[in-house]
1. If the requirement is being open to solvent by less than 80 Å² (accessible area, probe 1.4 Å), part of a strand (DSSP E or B) and in contact with a Pro (Cβ under 8 Å, 6 or more places away or on another chain), which of these qualifies: Gly266, Gly244?
2. Can you work out which of the residues in region 36-75 that are free of Cβ contacts under 8 Å to residues at least 60 places away in the same chain, open to solvent by 50 Å² or more (accessible area, probe 1.4 Å) and assigned to a helix (DSSP H, G or I) is farthest from Cys113 (Cα to Cα)?
3. Looking only at region 228-244, decide whether some residue is at pLDDT 85 or above and farther than 22 Å from Leu170 by Cα.
4. Among Leu181, Leu193, Leu209, which is of a type in the set (A, V, I, L, M), out of contact with any helix residue (DSSP H, G or I) (no Cβ under 7 Å at 6 or more places or on another chain) and within 23 Å of Phe79 (Cα to Cα)?
5. Collect the residues in region 11-33 that are modelled with pLDDT of 70 or more, open to solvent by 90 Å² or more (accessible area, probe 1.4 Å) and over 15 Å from Ala60 (Cα atoms), keeping them in residue-number order.
6. Would it be correct to say that Met226 is open to solvent by 60 Å² or more (accessible area, probe 1.4 Å), hydrophobic (A, V, I, L, M, F, W, C) and farther than 21 Å from Leu267 by Cβ?
7. In region 150-163, is there at least one residue being among the aliphatic types (A, V, I, L, M), in a strand (DSSP E or B), under 30 Å from Ala71 (Cα atoms) and modelled with pLDDT of 95 or more?
Amino acid sequence: MVKIKRVFKVVAIALAVLLFLFFLLRNGLLGWAVEKVGSKIKEKTGCTLAVGDKGFTGLATVTLDKVLVLAPEQDTLLFIDKIAVRPSLLPMIVGRLQLSKVAVDRALLRLQCVNGRCNYSGWLKNLNDSSAAESTRSTDGSDLARKVRSTLIRVFDLAPQEAELHDLRLQLRSDTLNADLAVTEFVATADELHGTLIDQSAGASWKMLGSFHQRKRAFDVTVYPMTGQHRLPLLQPLIGATMGFDSLHVVLNGLEGDRKEVQLRGLVDLEGGFGYHAKIASDTVRINHARFEYSVLIDQNSVTLDSTTFAEVNRLT
């Protein structure tokens, strides 16, 4: 009993010392980390990172003001007026990054490719190099379940349980494309989420409602146009297709299994869908109702739909 108390005392003292050192050194460590990230971005993409004020609020919330990423031609690629990120502390102890909350006020991502010059070309090159390196390391598909599981865990870890996003804009400019999308608001809590997307070029707006559970790795989301049927943005100029719906309901009920076998269950429910592409049909295809309930089993070498999976399409014209 005395030994157990002694161990607890040593652990408590060690944690207290670490916490004291963290508060003492955290601003300096944050400045060093920002410089390190900026150097890495410069090396990999040729872009320049600049950050205004930076610091901490509360125990571990990182706040950055006036974040700017400039392309090599000094063209603005990304600007964030204010961002606050709070990681989950317990996963960090074992070296795993999991975001608990993210708040962003006024951000602009500007992708431009005019006359053969693209302000994002450095990022594409780095992505292609990374993909080539990954392909070299993975010469077969014998670890498919592990890859899917690790990718989904990483995605859910980086998708915060709580989020407050306001006035986020995406601008796309090319010789044939001029698009401007805006997320005017997106709020996620432990119980629900809601958000609004506006296609400012087409004058269309979309609403998202539902729930998200980071720990369970599950979500239940419904998307619908706020006034009548609207075309989904960007499809027509990018791939020559027109698509839309009255509502789209997507569910993922969680991630089950281990590195050798992964199972995903959920559903996709579509109401009032329509689509057109010249290579598929001569006229618009309309689907009044469609439902797909899936149970996908992924092992080390294959992907299988089990017997509980079913699909229905009603009133196809």
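The values are calculated or read from the model by the stated rules, or taken from the named source; none is laboratory data. What you see is a predicted model; the values in this text were computed from it and never measured. Methodologically, a virtual Cβ is constructed for each residue, glycine included, from the backbone with ideal geometry; neighbour enumeration extends over all protein chains shown. Ligands, DNA and RNA are excluded from the accessible area calculation, which covers all protein heavy atoms including side chains. Shrake-Rupley method; radii C 1.70, N 1.55, O 1.52, S 1.80 Å.
1. Values: Gly266 fails: in contact with a Pro (Cβ under 8 Å, 6 or more places away or on another chain).
From the options Gly266, Gly244, the qualifying one is Gly244.
2. Restricting to residues being free of Cβ contacts under 8 Å to residues at least 60 places away in the same chain, open to solvent by 50 Å² or more (accessible area, probe 1.4 Å) and assigned to a helix (DSSP H, G or I), the top hit is Lys36.
3. The answer is no, given that none of the residues of region 228-244 is at pLDDT 85 or above and farther than 22 Å from Leu170 by Cα.
4. The conditions single out Leu181.
5. Ile13, Trp32
6. In short, yes.
7. First, pick out the residues of region 150-163 that are among the aliphatic types (A, V, I, L, M): 152-153, 155, 158-159, 163.
Checking the rest, the ones that are also in a strand (DSSP E or B) come to 163.
Next, from what is left, pick out any that are under 30 Å from Ala71 (Cα atoms): 163.
Subsequent filtering for residues that are modelled with pLDDT of 95 or more retains 163.
Looking through region 150-163, at least one residue is among the aliphatic types (A, V, I, L, M), in a strand (DSSP E or B), under 30 Å from Ala71 (Cα atoms) and modelled with pLDDT of 95 or more.
Residues are listed down the side, and each one gets a yes or a no for (1) of a type in the set (S, T, N, Q); (2) farther than 24 Å from Ala107 by Cα:
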| residue | (1), (2) |
| --- | --- |
| Pro160 | no, no |
| Leu193 | no, no |
| Ala202 | no, no |
| Lys207 | no, no |
| Thr222 | yes, yes |
| Leu235 | no, no |
| Met243 | no, yes |
